[in-house]
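*Asks:* Dropping the structure in here first, questions after.
All of the numbers you see were taken from the coordinates with simple rules; none came from a lab. Please read all numbers here as calculations on a predicted model, not as lab measurements. Cβ placement follows ideal geometry from the backbone for every residue including glycine, while neighbour counts extend to all protein chains displayed.
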Amino acid sequence: MIASLLTRETLTLHGVPRLADVTLLGRILGNHGVDITIAGKRVGQSTSDGQTFRLTAAEIVDTTAPYEMVARMRASFWVLAPILARCGEATVSLPGGCAIGTRPVDLHLTALQALGADIELDGGYVIAKAPKGLIGGRIHLGKVSVGATHNALMAAVLARGDTVIENAAREPEVADLATCLVEMGAKIEGIGTATLNIQGVPSLHAAEHAVLPDRIETGTYAMAAAITGGDVFLEGARGDLLHEALQLLRGSGVEVEESDAGIRVARNGHGLDAVNVETQPFPGFPTDLQAQLMALMCTARGVSEVRETIFENRFMHVQELARLGARIDLKGDTALVHGVNGLRGAQVMATDLRASVSLIIAGLAAQGETLIGRVYHLDRGFDRIEEKLRSCGAQIERLSG
């Protein structure tokens, strides 16, 4: 969606989920002058097919992204690069988002500086200027960062000359953005690798692109099926996007079958075995599935070791899982999960998006009723989760929020 700022012509996106973050980002882009239309439902189409967005930024009418918008959604900070690349200046508030760590933006800024941008910080805002346009250069990211790679990539496609991005994030979402940019006329080599080579072009044009299926949603429903002993087919899911997570599920005793049509996850009759995991950038186990896996391991035989290497404050769900009867010991960046015979329903509180869904997974397996507060986090990353779970036999109801 943010890449639409790079061209005057229309970017059409298929398979856009119905999420609070999508709605919010639409308002943020509208503030910059992007016209967004959402296509109506077609014959034979269900709500699970996603939406079709048409985004047109014929003119960028405002180069400032204000605090009250950016503070609510960290990814909206990514408007910095395309506005700067197209207009020669951009003023963007420092970001907000889930409280799961500091997540500094220094990598974003040094990447833009490597392309000739003048950067200053003033009153909580990043003020970036390149009045004569950006110039291709070498960008070495000192740490693998999905956000910084996104920003660097969008800046480089309109920079004069060639750019090399080293130590780029390899996440499927980065590759999907790069593929979309190529469809818009960008020249990018090395998609899916840690080194991206970009030959700048004067302008991009209209394109049509279908977004990837959400690998975190896929993994979440897979773990929900596993913890309940269910048998669920995840239609349209792609196993190549979360190979490590599926291997861990297999290692815990879950049956996982991959096909061109989707992924089948089943556990009929037998128990779960403990597994050890360490979160890593792609292709490793994703940090966004750590909380869900921990919920699953609460009911496994033995002790699981879960090490979080990406975010320093992503164990906030542990105390809430303990209210359901989980036994988890924290030692720095590592959680030791002692499997228990069963969980018990309780009243718990969600602290962030992934923590919210981990409590749902645990609640599905807990005896009795689980009441989860602050579920508004869910709507940021899961499209009608209660409807999808109910369709598979879950007893789940949204009371409010």
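*Asks:* Taking a cut-off of 25 Å, what percent of all Cα-Cα pairs in region 2-207 are separated by more than that?
*Replies:* 33
*Asks:* Sticking with this structure for a sec: Provide the per-residue ³J(HN,Hα) series for region 240-257, in order, calculated from phi with Karplus coefficients 6.51, -1.76, 1.60 and θ = phi - 60°, each as a whole number of Hz, with x at glycine and proline positions.
*Replies:* After applying 6.51 cos²θ - 1.76 cosθ + 1.60, I find 5, 7, 8, 4, 4, 5, 5, 5, 5, 4, 4, x, 8, x, 8, 7, 10, 10 Hz.
*Asks:* Order 183-192, 160-169 from most to least packed using the mean count of other Cβ atoms within 10 Å.
*Replies:* Highest-to-lowest ranking by the protection proxy: 160-169, 183-192.
*Asks:* Hey, another quick one. Let me know the volume per residue of the alpha-carbon convex hull for region 215-391, in Å³.
*Replies:* 101
*Asks:* Place the peptides 30-37, 333-340 in order of packing, highest mean first, counting for every residue the other Cβ atoms within 10 Å and averaging per peptide.
*Replies:* Top of the packing list down: 333-340, 30-37.
*Asks:* Sort largest first and round to whole Å: the equivalent ellipsoid semi-axes of the chain, each the square root of five times a Cα gyration tensor eigenvalue.
*Replies:* 38, 22, 20
*Asks:* Further question on the same structure: Restricting things to Cα coordinates, could you compute the convex hull volume per residue of region 111-170 in Å³?
*Replies:* Output value, Cα hull per residue: 81 Å³.
*Asks:* Using Cβ contacts closer than 10 Å as the measure, can you line up D240, D352, D49 from fewest to most?
*Replies:* Least crowded to most crowded, the residues run D240, D49, D352.
*Asks:* How much mean residue ellipticity at 222 nm does the chain get from its helices, if each DSSP H run of length 4 or more adds -39500 (n - 2.57) and you divide by all residues, to the nearest 500 deg cm²/dmol? Could the numbers behind the result be given before it?
*Replies:* Details: 12 runs with 113 residues, N = 401.
Taken over the chain, the calculation gives -8000 deg cm²/dmol.
*Asks:* Angle check, please: helix 20-31 long axis (alpha carbons) against the longest principal axis of the chain (alpha carbons), in degrees 0 to 90, nearest 10.
*Replies:* The angle comes out at about 10 degrees.
*Asks:* In units of 2.2 N^0.38 Å, what is the alpha-carbon radius of gyration of region 166-311?
*Replies:* 1.22
*Asks:* Okay, next question. So how much slack lies between L121 and A20, counting 0.36 nm per residue of separation and subtracting their Cα-Cα distance, in nm? Please list the in-between numbers first.
*Replies:* Numbers: separation 101, 0.36 × 101 = 36.36 nm, distance 2.91 nm.
Stretched fully, the L121-A20 segment lengthens by 33.4 nm.
*Asks:* Which whole-number percentage describes the relative contact order of the chain, with Cα contacts under 8 Å and a sequence gap of 6 or more?
*Replies:* Computed value for the chain: 12 percent relative contact order.
*Asks:* What relative contact order, as a whole-number percentage, does region 265-362 give when Cα pairs under 8 Å and 6 or more residues apart are counted?
*Replies:* On the way: 173 pairs, mean separation 29.9, N = 98.
Relative contact order comes out at 31 percent.
*Asks:* Evaluate the relative contact order of region 203-319 (contact order divided by residue number), counting alpha-carbon pairs under 8 angstrom at least 6 apart; express in whole percent.
*Replies:* 23
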